[in-house]
Amino acid sequence: MSDELSTAEALQARAGAALARYDVAVRVEDGGLGFEFDGSLCSLRGVNLSPGLDVLTLTCVLAWDRPLKPQLHKRVAERNAALQFGSITIVGHDKLADIILRYTFPAAGLEDEPLATMLLLVLSGAGRARQGLVLP
């Protein structure tokens, strides 16, 4: 099982290096990678789901502590409809909410350039989705 874990760690390291080539300041945090992209706080982790199936899981906090109102649900639904990769969820706490984008994809077979392209496609979608969510 340690070989499988090491392949996921290697995939995660490759993803971090790919992002760094595009001037994304990546830092190691709690076994994963943390970074900011276009105003979103992001976390990236390589995970082995089963032998031969390594995935990258990306989580981006698009907005936090937004008033939990019907207009917020409408904005999130519009962004979800326009999003190419991943899904956006609302995580409510009391009368406020955090808006989270999540995307998990199998990445073990990708060479470095396609891996970087895939990550940047997802992150650019997160940047577009974030617009209008941080305003009242």
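The values are calculated or read from the model by the stated rules, or taken from the named source; none is laboratory data. From a predicted model like this one, the values you see are computed outputs, not experimental measurements. Neighbour counts are summed over all protein chains in view; Cβ atoms, including those assigned to glycine, are modelled from backbone coordinates with ideal geometry.
Tally up the residues in segment 114-136 that are at pLDDT below 95, assigned to a helix (DSSP H, G or I) and more than 20 Å from GLU36 (Cβ to Cβ), please. Residues in segment 114-136 being at pLDDT below 95, assigned to a helix (DSSP H, G or I) and more than 20 Å from GLU36 (Cβ to Cβ): 0 in total.
Residue-by-condition table, conditions (1) closer than 20 Å to ALA15 by Cβ; (2) in contact (Cβ under 8 Å) with a residue 60 or more places away in the chain:
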site: VAL47; (1), (2): yes, no
site: GLY52; (1), (2): yes, no
site: PRO67; (1), (2): no, yes
site: PRO70; (1), (2): no, no
site: LYS74; (1), (2): no, no
site: GLN84; (1), (2): yes, no
site: GLY92; (1), (2): no, no
site: ALA107; (1), (2): yes, yes
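Considering only residues that are at positive phi and over 14 Å from the mean Cα position of the chain (by Cα), look in segment 46-105 and name the one that is surrounded by the fewest Cβ atoms within 10 Å (Cβ to Cβ). Applying the filter and picking the extreme gives ASP94. Taking residues in segment 110-136 that are on the phi > 0 side of the Ramachandran plot, and partners anywhere that are surrounded by 13 or more Cβ atoms within 10 Å (Cβ to Cβ), the pairs with Cβ atoms closer than 7 Å and at least 6 places apart or on different chains are GLY132/ARG75.
With a requirement of 2 or more residues that are hydrophobic (A, V, I, L, M, F, W, C) and either more than 17 Å from ILE100 (Cβ to Cβ) or touching a Cys at 6+ places or on another chain (Cβ under 9 Å) (or both), the strands (runs of 3 or more DSSP E) lying completely within segment 1-81 that satisfy it span 32-37, 40-50, 53-67.
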